[in-house]
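Everything below concerns the one structure shown next.
The values are calculated or read from the model by the stated rules, or taken from the named source; none is laboratory data. Remember, predicted model here, so these are calculated numbers, not experimental data. So basically every Cβ, Gly included, is an ideal-geometry build from the backbone, and we count neighbours across all protein chains shown. Accessible surface areas use protein heavy atoms only, side chains included; no ligands, DNA or RNA. Shrake-Rupley method; radii C 1.70, N 1.55, O 1.52, S 1.80 Å.
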Amino acid sequence: MNDTGTGSASEAGRQRAARRDEAVRAAVEQGLLGPDTPIVGLLDVVGIKDSAAALRAAFDAVTAPGTPVLHAFAVKASPLVPVLRLLHGAGIGAEVASPGELALARAAGIAPDRTVLDSPAKTPGELREALSLGIAVNADNPQELDRIDALVGSTAPRSPIGIRVNPQVGGGSIGATSTATATSKFGVALRDEGAREWVTGAYADRPWLTRLHAHTGSQGIPLPLMARGVAETYALAEEINRRVGRRQIDTIDIGGGLPVNFASDETSPAYAQYARLLAETVPGLFDGRYGLVTEFGRSLLAKHGTVVARVEYTKRSGGRPIAVTHAGVQVATRTVYAPDSWPLRIAAYDAKGCPRSGPPTVQDIAGPACFSGDLLAEGRSLPLLEQGDYAAALDTGAYYFAHHYAYNSLLRPGIYGFAPAAPEATGGIRFAPVRTPQTLDEIVAESGGAHVGGLQDLYL
Ligand SMILES: *Cc1c(COP(=O)(O)O)cnc(C)c1O
């Protein structure tokens, strides 16, 4: 290990790091990485399956036997069809928030009854499609509920339908990802004047409203605050059911948002820890009276992705060593634009893909884009990278290389899943393509290539 915030890693963390090191070496050996393919995204299939199993086990351990629990992966965290299919095979459904994400979930073979649609801006067409497929829908606001009313008419809808509320329990350390602030754009703001009464009345008027949804967690939110958001949502469900005099709300969707540790190979907090905290804070949620939906994204994928980029050049500027690599803003957009909120660990590998050793040297790891702030890491202490080495940005399996940003028309890198060649094998890694590298022809086509004369001819 030569990354920055090692700390004491558990056995699971050490094994994950060892798998990663092996995969980087194999990617170089097998030619997925090299002078002409200077950047690649790698996904650890064993790690993804382990996380899915840990999520299911954590909630199984605290729910009454027979409680229906749907873990719906937030597709936005890794919008890749083979990843959705892998998770589907591991018993995980999909939470989608756009027609594109719904199309990906369907392409992965995820059934409508294992899919949940949440989006703050659903068009009438999207709502109609979701209801005709029987996909669960959470209405974001009163205007959306009006649209759903019109579509539902007088018959009971096939889709389970709920309302998203914002318990306004407060934000975390990162403003852009805090969903439960007083003025968040999501859901019905529960503490606003008249809002609670409106929500309760909406359920009383619509016997088919059977779910309640809140998503208050995210990176930077402490677990107790997340648990408070869930507790307030549960209390509201109880209040509504008391008011209507029956168990109309039968399922509570507690959202996702478990934070991820980007500082070491440790998985913390663990799903088990969060599930236990929820069970202590909101015991009634787990006694079997309510079905549960969860929507975890980042925490299922982040630790299992690595973007590896070749060091094209090394140089010095103002005395500072700089490694100019092929990974920058196009694959690590959040880190480059908000480095203090989204720091990434960097691991140094030599030209053969073996961990580089050497005295720690303060250096910048720069990306390929043409603006000076395009830095994966600034002033980072690592073995000095040399030309032809590789720099790996760790924990980038969610919201990083799968979220390409088209700056400088940089090519979308290929993404490959990796696993040991055979279970228990002592050596050898196999790769499976998840997304093939973008081609220059595709760049031209996506950039209006078919309309080359369009502007010139518009006004002669
Ligand atoms: C983004 C999002 C999630 C997933 O959040 P993570 O932080 O990736 O776990 C879940 N539910 C909703 C409604 C979201 O918008």
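Taking every DSSP helix (H) stretch of at least 4 residues in the chain, weighting each as -39,500 (n - 2.57) and dividing the sum by the residue count yields a mean residue ellipticity at 222 nm of -9000 deg cm²/dmol. Could you please report the charge total around GLU22, scoring K, R as +1 and D, E as -1 over all other residues with beta-carbon less than 12 angstrom from its beta-carbon? Result for the local shell: +2. Amide H contacts under 5 Å for THR181: GLY170, restricted to partners 5 or more places along the chain or on a different chain, H placed in the peptide plane at 1.01 Å from N. For the residues TRP198, TRP208, TRP342, a 1.4 Å probe over the protein chains yields an accessible-area ranking, largest first, of TRP198, TRP208, TRP342. For CYS370, the accessible surface of its heavy atoms amounts to roughly 110 Å² (probe 1.4 Å, protein chains only, rounded to the nearest 10). The angle between the Cα long axis of helix 223-244 and the longest principal axis of the Cα atoms of the chain comes to about 20 degrees, rounded to the nearest 10. Estimated at the nearest 10 Å², the accessible area of ASP253 is 0 Å² with a 1.4 Å probe. Please report the net charge: other residues with Cβ closer than 14 Å to the Cβ of SER98, K and R +1, D and E -1. So the environment of SER98 carries a net charge of -3. Placing R0 at 56 angstrom, the Cβ-Cβ distance between LYS315 and VAL244 gives a FRET efficiency of 0.25 after rounding to 0.05. Between helix 195-205 and the chain there is an angle of about 60 degrees, using the helix long axis and the longest principal axis of the Cα atoms.
In this simple spin-label model, placing a label point 7 Å from the Cα along the Cα-to-Cβ direction at both LEU133 and ASN408 gives a separation of 3.7 nm.
Close amide H contacts of PHE73 (hydrogens built in the peptide plane, cut-off under 5 Å, sequence separation of 5 or more or a different chain): GLY93, ALA94, GLU95. The accessible-area ordering, largest first, of the residues LEU104, LEU411 stands as LEU411, LEU104, per a 1.4 angstrom probe.
With both labels modelled 7 Å from their Cα along Cα-to-Cβ, the ASN141 to ALA64 distance reads 3.7 nm. Using a simple spin-label model with points 7 Å from Cα along the Cα→Cβ vector, what separation in nm is obtained for ASP287 and VAL444? Those two pseudo-labels are separated by 6.8 nm. Within the full protein context, the accessible area of THR37 is estimated at about 50 Å² for a probe radius of 1.4 Å. Proximity of backbone amide H atoms, modeled 1.01 Å from N, is registered between THR361 and LEU382, LEU384 at under 5 Å, excluding neighbours fewer than 5 places apart on the same chain. Taking only the C-alpha atoms of the chain, the Rg (one decimal) and the largest Cα-Cα distance, Dmax (whole number), read 23.6, 73 Å.
Quick check for you: with a 1.4 Å probe and neighbouring chains kept, what is the accessible area per residue of the range 45-299, in Å²? Per-residue value: 38 Å². Relative to the longest principal axis of the Cα atoms of the chain, helix 142-152 runs at roughly 70 degrees. Excluding the sites themselves, what is the longest stretch of the chain that contains no GluC sites (Glu not before Pro) in a DSSP loop with at most 12 other C-beta atoms within 10 Å? Result, exposed sites excluded: 194-423.
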